[in-house]
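J.: Have a look at this one.
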Amino acid sequence: MNSLAAKKSISTYDVYQHAIEQFSHYDNERYHYLDSAATSQKPDCVIDAVTQGYRHFCAPVHRASYPLGEAASSAYETARARVAQFINAPTSQLIFTKSCTEAINQVTLGWAKSIIKPQQKIWLTRMEHNANYLPWHQLCQTTGAELKIIEMDEDGCLLLEQEEIWHESTFLIALTHCSNVLGGENPIQELCDKARAQGIYTLIDAAQSVSHLPLDVDKLACDFLAFSAHKMYGPEGIGALYIDVKRMAEMSPLLMGGGIVESVDEQHIVLREAPYCFEAGSPNLSGALGFAAAADFLQGLPAAAVSQYVGELGRQFRQALAQQGNVTLMPIAGGGEHSSVLSFTVDGVHPHDVAQVAADNGVAIRTGNHCSHLLLNHLKVGALNRLSLGVYNRREDIEPLIKSIKLATEIFT
Ligand code: PLP
């Protein structure tokens, strides 16, 4: 793949032109896929990497000494190194999981549960996806720790100055980098800097930012960072968790099973070193290869240009929606103007009806609570329409959406 990142000067439109060539199955004349926050389309290099996994490396990982088995193990570890490098993490501090959800559960059940004390506080934001809310809720229910919510203002900015957040009773702050409903960007660098200075642990849910914002865990200095491959143009069924080296030493495996032990007898088990002790069961080799190919794909597109491209396109969608007299737009998290995710309602038309009319017209948008019950309760809405953008979207996707909204309005009001 020739890399756009290597070019000296690029316009944001170059991002689209360079990217679209790599989605050969995606017919952007007939179809307008505006649901990348749920799962992104996959470029050819990812599809090829997954198939190559099955064609050329189909053997058990870390379990066989014959040449094909060794090739499979080596390909899997190379994939780990590439994904780790993508977020600037040491290879040994990145574990593969089934998903971002599993990665967060590894933190709550494999680490926090054994060291948190009753009355210590876990702070989350009101815009967390259930993947970063329910595990902490369950942890607090079972340990006597206290769940606290960081509020936000009406522009979508987190109210991080509340003194209580920075109190010595705070154990950890777990928050999303970008909301899956409000888009935008939360100030994670500032937050992690302040938290580390005060001995508060941090977990960043990067599921929605990893596709378009640069992530550097060395600079960020968070304790944990979780993400899924399928939201960054990679395959389903695989995610990753970055773990700070000190936290890793305190962590136990979420799953017990094959592949994680040095020795076992009736009294004792001796675990393998990290990261292997955290990956019980047969590893997902093809998924890992596709994940690494997705990291390569994104590294070929400079992150700043990708975020500018999808952000600028998001602004154009926002303007077009704002011009419709009957559309109410939700704020953007962080209070910015640019976001690749936008949520809205259409006056007098149920979001499910809007999405259905859009679907009938070749436009894929989402409807529902987006697994963000806390946020929707706060916004006092039962359901929202959401559009979310990928590098294969373009201005030409706006008109079909607007037409669908007008048609839904005609039919249902
Ligand atoms: N966090 C956020 C912000 C999400 O949007 C999602 C999924 O939509 C998740 C976590 C969970 O990701 P997965 O379903 O891949 O585990």
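The values are calculated or read from the model by the stated rules, or taken from the named source; none is laboratory data. Not measured: the values here are computed from a predicted model. Cβ placement follows ideal geometry from the backbone for every residue including glycine, while neighbour counts extend to all protein chains displayed. Ligands, DNA and RNA are excluded from the accessible area calculation, which covers all protein heavy atoms including side chains. Shrake-Rupley method; radii C 1.70, N 1.55, O 1.52, S 1.80 Å.
J.: Just to be sure before I move on: is Ala103 open to solvent by less than 60 Å² (accessible area, probe 1.4 Å), within 11 Å of the ligand (Cβ to nearest atom), under 21 Å from the mean Cα position of the chain (by Cα) and closer than 30 Å to Ser73 by Cα in the structure I sent?
T.: So Ala103 passes the test.
J.: Let me ask something additional. Give the residues of region 124-135 that are open to solvent by 10 Å² or more (accessible area, probe 1.4 Å), within 11 Å of the ligand (Cβ to nearest atom) and not in a helix (DSSP H, G or I), sorted by residue number.
T.: Listed by number, the residues that qualify are His129, Tyr133.
J.: If you check Asp155 against the conditions, is it surrounded by 22 or more Cβ atoms within 10 Å (Cβ to Cβ), charged (D, E, K, R), under 29 Å from Phe344 (Cα atoms) and touching a residue at least 12 places away in the same chain (Cβ under 8 Å)?
T.: No.
J.: Just checking, does region 69-76 include any residue being in the same structural domain as Leu225 (by TED's automatic domain parsing), at pLDDT 95 or above and open to solvent by 70 Å² or more (accessible area, probe 1.4 Å)?
T.: Within region 69-76, one or more residues are in the same structural domain as Leu225 (by TED's automatic domain parsing), at pLDDT 95 or above and open to solvent by 70 Å² or more (accessible area, probe 1.4 Å).
J.: Tell me whether region 12-20 contains one or more residues that are free of Cβ contacts under 8 Å to residues at least 24 places away in the same chain, open to solvent by 80 Å² or more (accessible area, probe 1.4 Å) and in the same structural domain as Tyr309 (by TED's automatic domain parsing).
T.: yes
J.: Can you tell me which of (1) more than 24 Å from Ala240 (Cβ to Cβ); (2) surrounded by fewer than 21 Cβ atoms within 10 Å (Cβ to Cβ) is the one Ala145 doesn't meet?
T.: Among (1) more than 24 Å from Ala240 (Cβ to Cβ); (2) surrounded by fewer than 21 Cβ atoms within 10 Å (Cβ to Cβ), the lone unmet condition for Ala145 is (2).
J.: For region 276-332, which positions are assigned to a loop (DSSP other than H, G, I, E, B), closer than 28 Å to Val83 by Cβ and either at pLDDT 95 or above or in contact with a helix residue (DSSP H, G or I) (Cβ under 7 Å, 6 or more places away or on another chain) (or both)?
T.: Glu279, Ala280, Gly281, Ser282, Pro283, Asn284, Leu301
J.: Next question, about the same structure. Within region 5-18, is there a residue that is in a helix (DSSP H, G or I) and at pLDDT 95 or above?
T.: no
J.: Can I ask one more? Going residue by residue through region 156-176, is there one that turns out to be outside the structural domain of Glu337 (by TED's automatic domain parsing), in contact with a Cys (Cβ under 6 Å, 6 or more places away or on another chain) and modelled with pLDDT of 95 or more?
T.: No, because not a single residue in region 156-176 is outside the structural domain of Glu337 (by TED's automatic domain parsing), in contact with a Cys (Cβ under 6 Å, 6 or more places away or on another chain) and modelled with pLDDT of 95 or more.
J.: Checking Ser92 against (1) in contact (Cβ under 8 Å) with a residue 24 or more places away in the chain; (2) within 16 Å of the ligand (Cβ to nearest atom); (3) assigned to a helix (DSSP H, G or I): exactly one of these is not met. Which one?
T.: So Ser92 meets the others, but not (2).
J.: Picking from Asp223, Asp205, which residue would you name as being away from the ligand (no atom under 15 Å from the Cβ) and either at pLDDT 95 or above or assigned by TED's automatic domain parsing to the domain that holds Ala294 (or both)?
T.: Answer to the selection: Asp223.
J.: Has region 178-186 got at least one residue that is open to solvent by less than 10 Å² (accessible area, probe 1.4 Å) and under 21 Å from Gln93 (Cβ atoms)?
T.: no
J.: Being assigned to a strand (DSSP E or B), more than 24 Å from Leu384 (Cβ to Cβ) and among the β-branched types (Val, Ile, Thr) is the filter here, so list the residues in region 136-194 that pass it.
T.: Those that are assigned to a strand (DSSP E or B), more than 24 Å from Leu384 (Cβ to Cβ) and among the β-branched types (Val, Ile, Thr): Thr170, Ile173.
J.: If you don't mind, there's one more thing I want to ask. In the set Ala249, Ala292, which member is touching a Lys or Arg at 6+ places or on another chain (Cβ under 7 Å), among the aliphatic types (A, V, I, L, M) and either surrounded by 18 or more Cβ atoms within 10 Å (Cβ to Cβ) or over 28 Å from Gly53 (Cα atoms) (or both)?
T.: Only one candidate qualifies: Ala292.
J.: Can I ask one more? Would you check if Lys121 is open to solvent by 50 Å² or more (accessible area, probe 1.4 Å), over 21 Å from the mean Cα position of the chain (by Cα), over 27 Å from Ser73 (Cβ atoms) and more than 11 Å from the ligand (Cβ to nearest atom)?
T.: no
J.: Based on this model, can you work out whether His62 counts as assigned by TED's automatic domain parsing to the domain that holds Cys178, part of a loop (DSSP other than H, G, I, E, B), modelled with pLDDT of 90 or more and open to solvent by 40 Å² or more (accessible area, probe 1.4 Å)?
T.: When the stated conditions are applied, His62 passes them.
J.: From the list Leu374, Leu387, Leu401, exactly one residue is in contact (Cβ under 8 Å) with a residue 12 or more places away in the chain, open to solvent by less than 10 Å² (accessible area, probe 1.4 Å), closer than 28 Å to Pro187 by Cβ and assigned by TED's automatic domain parsing to the domain that holds Gln308. Which is it?
T.: Leu387
J.: Can I ask one more? Which of the following residues is on the phi < 0 side of the Ramachandran plot, part of a helix (DSSP H, G or I) and within 16 Å of the ligand (Cβ to nearest atom): Leu109, Leu68?
T.: Going through Leu109, Leu68 in turn, the sole match is Leu109.
J.: Across region 343-352, what is the number of residues that are surrounded by 17 or more Cβ atoms within 10 Å (Cβ to Cβ) and either assigned to a strand (DSSP E or B) or out of contact with any Leu (no Cβ under 9 Å at 6 or more places or on another chain) (or both)?
T.: Total meeting the criteria: 5.
J.: Limited to region 231-243, what total is found for residues that are surrounded by 24 or more Cβ atoms within 10 Å (Cβ to Cβ) and either small (Gly, Ala, Ser) or within 9 Å of the ligand (Cβ to nearest atom) (or both)?
T.: 4
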